[in-house]
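The values are calculated or read from the model by the stated rules, or taken from the named source; none is laboratory data. Predicted model, so just to flag it, every value in this text is computed and none were measured. Cβ placement follows ideal geometry from the backbone for every residue including glycine, while neighbour counts extend to all protein chains displayed. The area values use the complete protein model at the heavy-atom level, side chains included, leaving out ligands, DNA and RNA. Shrake-Rupley method; radii C 1.70, N 1.55, O 1.52, S 1.80 Å.
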Amino acid sequence: MPARTRIYFTSDAHLGSAFHEDPRGVERCLCRWLEHIKQDAIALYLLGDMFDYWYEYHSVVPRGFTRFLGKLAELNDAGVEIHFFTGNHDIWIRDYLQKEVGAIVHRNACEVKLLGKTFRLSHGDEEYRTESFSYNLIYKAFRNPVLKTLFSAIHPRWTVGLAHSWSLHSRKQGLKRQTEGRIPHAYKNEYFEVEKEPLVLYAKRYSEQHPEVDFFIFGHRHLFLDLAMRSDKRVIILGDWIRYNSYAVWDGQNLLLDQWEPRAF
């Protein structure tokens with residue numbers, strides 16, 4: 001077996017979303033990639049929104065995702081360290097992934113030393129939430145323990161359908177605003193250059209106060225973006241498994257943003 005020398009990052013598969021033309025096909029494609037990286041992966045970092053909706057009760061979890069969860073468990077059994085960052089679509093994870101898959105769950109951004117370089121890893125919604133009052137309000141509401149308890153009392157026959165419908169509407173509106181090579185502001189009919197993307201601006205500000213960080217990696221924005229900053233620092237936004245089938249890989253020398261079975265679009 002090849003030596004384990006690489007660390008992989010991906011996000012925003014939105015498994016279960018009706019936005020996918022072939023939801024089961026997306027899951028199979030993701031699992032083929034997981035099988036491929038199993039041979040040389042030291043660790044796998046899943047940076048949020050791997051599920052389009054996940055609400056975990058004390059003894060009940062959503063149906064589906066059997067292939068994906070089984071493959072994660074297989075990687076963990078093979079010695080690959082699995083890190084799962086909660087995103088804005090799957091923040092309601094309890095302990096199922098830890099117990100059944102062996103994943104290490106992160107609920108906030110973190111800085112970590114990986115093969116000699118310092119990475120700041122985050123889904124991105126935490127940093128992006130100040131872009132609008134409504135988004136910040138939703139961010140806080142989703143994490144409010146009282147509202148979470150009240151939500152738990154509603155039967156899933158109502159909550160699951162509502163969550164998927166809301167997500168589908170949001171995704172359609174978001175992709176409608178995107179044009180190739182230019183990044184839209186999320187809340188206005190204006191188009192800004194890549195350097196004005198909010199997560200890029202956040203990385204630049206953060207880097208000024210924390211020069212020890214070499215690389216920033218985000219999900220959330222569904223942008224396939226690798227941007228060089230000053231002093232060999234870089235910011236990567238991982239794209240998604242809706243348009244790009246994208247991931248990043250780090251081997252201690254090179255950090256590459258790439259696509260698996262690229263789609264034509």
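The table that follows gives values for the structure above.
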read-out	value
Counted residues, segment 119-130 - those being surrounded by fewer than 16 Cβ atoms within 10 Å (Cβ to Cβ) and at pLDDT 95 or above	0
Wholly within segment 1-107, strands (runs of 3 or more DSSP E) carrying at least 3 residues that are hydrophobic (A, V, I, L, M, F, W, C) and crowded, with 16+ Cβ neighbours inside 10 Å	41-46, 81-85
Residues of segment 234-252 classified as open to solvent by 20 Å² or more (accessible area, probe 1.4 Å) and at pLDDT below 95, total	2
Positions within segment 211-230 being touching a residue at least 60 places away in the same chain (Cβ under 8 Å) and open to solvent by 60 Å² or more (accessible area, probe 1.4 Å), in sequence order	Glu212
